[in-house]
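What follows is a set of notes on a single structure, which appears directly below.
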Amino acid sequence: MKYSNEILRIADDIRTMRIRGATEIARSAAKAFIIFAESSTARNVDDYMDGLNEVSKILLNTRPTAVSLPNSIRFITYRVMEAYRKGIELKILKDITITSANLFIENSLKALDVIGELGARRIKDGDVLLTHCNSSAAISVIKTAYKHGKKIEVYVTETRPRFQGYLTAKTLSSIGVKVTLIIDSAVRHFMKDIDKVIVGADAVAANGAVVNKIGTSLIALAAHEARVRFFVAAETYKFSPETILGELIEIEERSPLEVVDNSFLRENINVKVKNPVFDVTPPEYIDLLITEKGVIPPQASILILREEFGWIIGETVTSRKIVEEDD
Ligand code: RUB
C-alpha cells in the first residue's frame, strides 16, 4: 500500500527525534492519521482498515518507550474499529478518523493547560525548581506559576547526550524565568538549593513508577536524600494499560554514536558504549503525579488507568495487539 510521504516523514521524524517528547510524539501520530484519512485512495472499508492498521504499525515501530504513542493510536483506531464493526460506510469511517484524531489533539492541548494550573498551585512564590530534559507538561507548570506572578528560579540540566535541557533553558528564559543551566552530574551538588523537582513522563506504570529521560531516577534519589519534593507532570494518556497485564515498559536504547563518535569506537575497539535513553523512577521517590484529572499520589495510578480504560483493560488494549501480532 502506498502512503503519503508526509506520513512516512512523520514516522522518520519521530525515529530520528526531530519530533520528540511524549506529548509531541502522540500529537504527531494523530496528525498522521488525519493525513491518512484525507489522502486514502481505499476503494472499500476493508482496504481502508488495512491501511489504518499499516499506518499504526509504521508509527508504533518508531520509538518504543513513550506510551502516549500507542495510546493516541488506540484512541483513534478504537473509535474507527467500532464504527467499522457496525458496518459504517467508507466516507464516514474517514470522518471518524479525522474527528477522533482532532479530538485527541484538542484533549491533549487542554490537558497541558489544566496540568499547568493544577501544578502551579504547588509552586510557591520564591521557589527554586529543578527540571530535567524538555517536558512540555513540566514547562506548562513552571510557566503557569510564573505567569501567576510567582518569582521562581529554575535549575535546568543539560540532559546528555542530546542536550534537550538547552531547549528548556531557552523556553523558560525567553519568558523571563531566571534559569541556571547545569551539567547532569551536578544535580546532587545543587540539591541543597532546590525546593522542588518537576519533570515530565514518557510512561507511568500501574504501580505509579515513572519512565522518563535517563537520569531522572538519579535526580529522584538525590531529591529523596535531601527531602526535596519530586513532582511528575503527565497527561493521563501517558499511563500504560499494558502494565496492568504484567507487561514492562520497554526502555529505548539508541545508537552509541549519540554518545561518542565513530573514530572513538574505531580507536577503542574494546570499549562498549551503551545509550539507554530512559530510566524508571520507583513510586517511593515520587511525591505527586500532576495529571489533568487531578493531583494524585503515584500509588493512585491504577485508578487513573481504570477510569481511562475501563475495567476490561484486556479488551481495550487489543487494538495495539492486533497491530503488533500481524507483523
Ligand atoms: C523526552 C522526555 C520528556 C518526556 C515528557 O525524551 O524524556 O521528559 O517525553 O515530555 P526524548 P512531554 O527527548 O528522548 O523524546 O511532557 O513534552 O511529553
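Scanning segment 42-85 for residues being touching a residue at least 24 places away in the same chain (Cβ under 8 Å) and either closer than 19 Å to GLU6 by Cα or open to solvent by less than 30 Å² (accessible area, probe 1.4 Å) (or both) gives a total of 30.
Does THR23 satisfy being closer than 28 Å to ALA234 by Cβ, within 15 Å of the ligand (Cβ to nearest atom) and surrounded by 23 or more Cβ atoms within 10 Å (Cβ to Cβ)? When the stated conditions are applied, THR23 passes them.
Among the residues of segment 223-248, write down those that are touching a helix residue (DSSP H, G or I) at 6+ places or on another chain (Cβ under 7 Å) and open to solvent by 10 Å² or more (accessible area, probe 1.4 Å). Within segment 223-248, HIS224, ALA226, VAL228, TYR237, ILE244, LEU245 meet the criteria. Look through segment 130-168, keep the residues that are among the hydrophobic types (A, V, I, L, M, F, W, C) and near the ligand (Cβ under 8 Å from one of its atoms), and return whichever of them is surrounded by the fewest Cβ atoms within 10 Å (Cβ to Cβ). Taking the candidates together, the pick is ILE139.
Pairs are defined by a Cβ separation below 9 Å, a sequence spacing of at least 6 or placement on different chains, a first member in segment 137-161 that is over 13 Å from THR180 (Cα atoms), and a second member that is within 11 Å of the ligand (Cβ to nearest atom) and at pLDDT below 95; no pair meets this definition. Going through (1) within 16 Å of the ligand (Cβ to nearest atom); (2) over 19 Å from the mean Cα position of the chain (by Cα) one by one, LEU93 falls short only on (1).
Restrict the check to segment 41-50 and report whether at least one residue is in a loop (DSSP other than H, G, I, E, B), polar (S, T, N, Q) and closer than 22 Å to GLU247 by Cα. Walk me through how you get there before you give the answer.
First pass over segment 41-50, keeping only residues in a loop (DSSP other than H, G, I, E, B): 41-44.
Now drop any that are not polar (S, T, N, Q), which leaves 41, 44.
In the following step, the residues that additionally are closer than 22 Å to GLU247 by Cα were identified as none.
No, there is no match, as no residue in segment 41-50 is in a loop (DSSP other than H, G, I, E, B), polar (S, T, N, Q) and closer than 22 Å to GLU247 by Cα.
In the set LYS192, LYS151, only one residue is farther than 27 Å from ILE14 by Cβ and either under 16 Å from the mean Cα position of the chain (by Cα) or part of a loop (DSSP other than H, G, I, E, B) (or both); that residue is LYS151. Within segment 25-49, being over 27 Å from the mean Cα position of the chain (by Cα) and among the acidic types (Asp, Glu) holds for ASP46, ASP47. Among the residues that make up segment 121-134, is at least one of them of a type outside the set (A, V, I, L, M, F, W, C) and assigned to a helix (DSSP H, G or I)? Scanning segment 121-134, I find no residue that is of a type outside the set (A, V, I, L, M, F, W, C) and assigned to a helix (DSSP H, G or I), so the answer is no.
The values are calculated or read from the model by the stated rules, or taken from the named source; none is laboratory data. Please read these numbers as outputs of a predicted model, since none were measured by experiment. Please note: Cβ atoms are built from the backbone with ideal geometry, for glycine as well, and neighbour counts cover all protein chains shown. Each accessible area value is taken on the protein alone, full model and side chains, heavy atoms only, with ligands, DNA and RNA left out. Shrake-Rupley method; radii C 1.70, N 1.55, O 1.52, S 1.80 Å.
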